[in-house]
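What follows is a single structure, written as structure tokens, with notes after it.
The values are calculated or read from the model by the stated rules, or taken from the named source; none is laboratory data. Because the structure is predicted, anything quoted here is derived from the model rather than measured. Because the Cβ atoms are built from the backbone with ideal geometry, glycine has one as well, and the counts that use them run over all protein chains shown.
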Amino acid sequence: MTWLFSEMKILIAPNTFKESLSAPEVCEAIRVGILAAGFEGEIVSVPMADGGDGTMNALVASTGGEIRSVTVSDPLGRPVEAAFGLLGDGRTAVVEMAQASGLWRLSPVERNPLLTSTRGTGELIATALRAGASTVIVGIGGSATNDGGAGMAQALGYRFLDADSKEVEGIGGALCRISRIDASGVMPELFSARIRVACDVENPLLGPRGATRVYGPQKGATGEMFDRLEAGLANLAYLWESDLGISVKDRPGAGAAGGLGAGLVAFCGAKLEPGFDLVAEVSGLRKALDGADLVLTGEGRVDASTAFGKVPTGVARLVCAAGIPVVCLTGDIAGNCANLHECGITAIFPIVRGPVTLETSMNEAARSIALSTEQVIRLWMRR
């Protein structure tokens, strides 16, 4: 039977194992396990992401691109080192807003959405455009901000003026003071660029399901902050219509990342797209699936919610019509995951081998993935 398997193809397409291994590292661990089982056929790796953490690393790895570091502003305006990805075509960049404007940049006592800004995200976009990117993919998860993208816009050349024509800082607590948006100084590269946003939430900008009410608490919003932040975003939405001629506040996803979803549409002409679908397209996943006999995917934790926009079920959805088996490797299976089989996942295998601490499990993730993969492939080759 060895000759038969030498003609077969296995596709590896996992997500990151959060706080443990990047998607490219997971791919390598799975590859090690496949080889240990004696498989001699074709192995193709396509690191995946759902538009959140790890999107930059996954797309850079899958396209043969590079990661570039740059000094930008953190949510409170302090200089920090962040990175963006330039993909293998040399014309597409990937920016994760959390790199510059993420909640992880602030200690719990520093979290105050009245004072935070997405300026650093705008600086990353501007740097990518100046580097020659004609398309910028933006992942907008994990934000520390509620500024409607005003800080980002200022980094791209927009100015916000009050009733006395004095410039207003693009932070959540100052949005109510803006009377006019001046677009005369916007960098010209922005107008010819294509901005694509990985966005999997459908929250509108305002109201009980909007940016402030739903996501404000995790960013430090309390008490009277809510009304002030909500009023600021409402004022910004009014100015988008009056000064820029764009109505965006009710669009699904407008409330993502403290209104950055709406801001990217209004200030950059961006398109909001499902994260997995966007990454799958750019990484060439569909083409890589051609001729595959087995698909191995996975991520650090799976539960019933994995069915909604996550990598394992996204991969399974692409291949289910072809009848290709899809195996999901994971560090933790939580609750009843029967719905994942309905989404096309053939089987789910935990990688943890016996009772261990979380720290040990994370430190040994690569070895555990390789060992579990070896057993999966040995079973598959016995069929």
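In the list 254, 266, 231, which residue meets the criterion of being farther than 29 Å from residue 109 by Cα and in contact (Cβ under 8 Å) with a residue 12 or more places away in the chain?
On the way: 254 fails: farther than 29 Å from residue 109 by Cα; 231 fails: farther than 29 Å from residue 109 by Cα.
It is 266.
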Residues of segment 61-79 being in contact with a strand residue (DSSP E or B) (Cβ under 7 Å, 6 or more places away or on another chain) and either closer than 18 Å to residue 140 by Cβ or of a type in the set (Asp, Glu) (or both), which ones?
-> 66, 72, 73, 74
Sole exception among (1) on the phi < 0 side of the Ramachandran plot; (2) modelled with pLDDT of 95 or more; (3) surrounded by fewer than 24 Cβ atoms within 10 Å (Cβ to Cβ) for residue 165, by number | (1)
Which one of 254, 237, 221 is assigned to a helix (DSSP H, G or I) and buried (at least 22 other Cβ atoms within 10 Å of the Cβ)?
-> 237
Just one of (1) surrounded by fewer than 19 Cβ atoms within 10 Å (Cβ to Cβ); (2) over 18 Å from residue 46 (Cα atoms) trips up residue 377, so point out which.
-> (1)
Within segment 92-108, is there a residue that is without any contact (Cβ under 8 Å) to a residue 40 or more places away in the chain, surrounded by 24 or more Cβ atoms within 10 Å (Cβ to Cβ) and farther than 22 Å from residue 287 by Cβ?
-> yes
Those residues that are out of contact with any Ser or Thr (no Cβ under 9 Å at 6 or more places or on another chain) and either in a strand (DSSP E or B) or free of Cβ contacts under 8 Å to residues at least 24 places away in the same chain (or both), I need them from segment 143-168; list them, please.
-> 166, 167
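Please tell me if residue 208 is without any contact (Cβ under 8 Å) to a residue 24 or more places away in the chain, under 27 Å from the mean Cα position of the chain (by Cα) and over 20 Å from residue 237 (Cα atoms).
Taking the combined requirement at face value, the residue does not satisfy it.
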From the residues in segment 169-192 that are in a loop (DSSP other than H, G, I, E, B) and surrounded by fewer than 20 Cβ atoms within 10 Å (Cβ to Cβ), which one is nearest to the chain's Cα centre (by Cα)?
-> 192
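Hey, among 118, 71, 63, which residue is in contact with a Pro (Cβ under 7 Å, 6 or more places away or on another chain) and among the polar types (S, T, N, Q)? First the steps, then the outcome.
Details: 118 fails: in contact with a Pro (Cβ under 7 Å, 6 or more places away or on another chain); 63 fails: in contact with a Pro (Cβ under 7 Å, 6 or more places away or on another chain).
None of the other options fit; the residue is 71.
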Would you point out which residue out of 260, 264, 294 is crowded, with 18+ Cβ neighbours inside 10 Å, touching a strand residue (DSSP E or B) at 6+ places or on another chain (Cβ under 7 Å), closer than 18 Å to residue 45 by Cβ and not charged (D, E, K, R)?
-> 294
From the option list 358, 318, 371, single residue qualifying as in contact (Cβ under 8 Å) with a residue 24 or more places away in the chain, over 19 Å from residue 33 (Cα atoms) and surrounded by fewer than 22 Cβ atoms within 10 Å (Cβ to Cβ) is 318
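Of the residues in segment 173-194, how many are among the small types (Gly, Ala, Ser) and under 21 Å from residue 270 (Cα atoms)? Break it down into steps so the answer makes sense when it comes.
Kept after step one, since they are among the small types (Gly, Ala, Ser), are these residues of segment 173-194: 173-174, 179, 183-185, 192-193.
Those still in the list that are under 21 Å from residue 270 (Cα atoms) too: 183-185, 192-193.
Count: 5.
Among the candidates 85, 141, single out the residue that is in contact with a Lys or Arg (Cβ under 9 Å, 6 or more places away or on another chain) and small (Gly, Ala, Ser).
Every option except 85 fails the conditions.
Where in segment 1-86 are there helices (runs of 4 or more DSSP H), lying wholly inside it, with at least 2 residues that are of a type in the set (S, T, N, Q), crowded, with 23+ Cβ neighbours inside 10 Å and in contact with a helix residue (DSSP H, G or I) (Cβ under 7 Å, 6 or more places away or on another chain)?
Values: elements: 2-6, 23-36, 55-63.
Result: 55-63.
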Being among the β-branched types (Val, Ile, Thr) and under 24 Å from residue 215 (Cα atoms) is the filter; apply it to segment 247-285 and report the residue that is nearest to the chain's Cα centre (by Cα).
-> 265
Taking segment 333-370 only, how many residues are under 18 Å from residue 25 (Cα atoms) and in contact with a Lys or Arg (Cβ under 7 Å, 6 or more places away or on another chain)?
-> 1
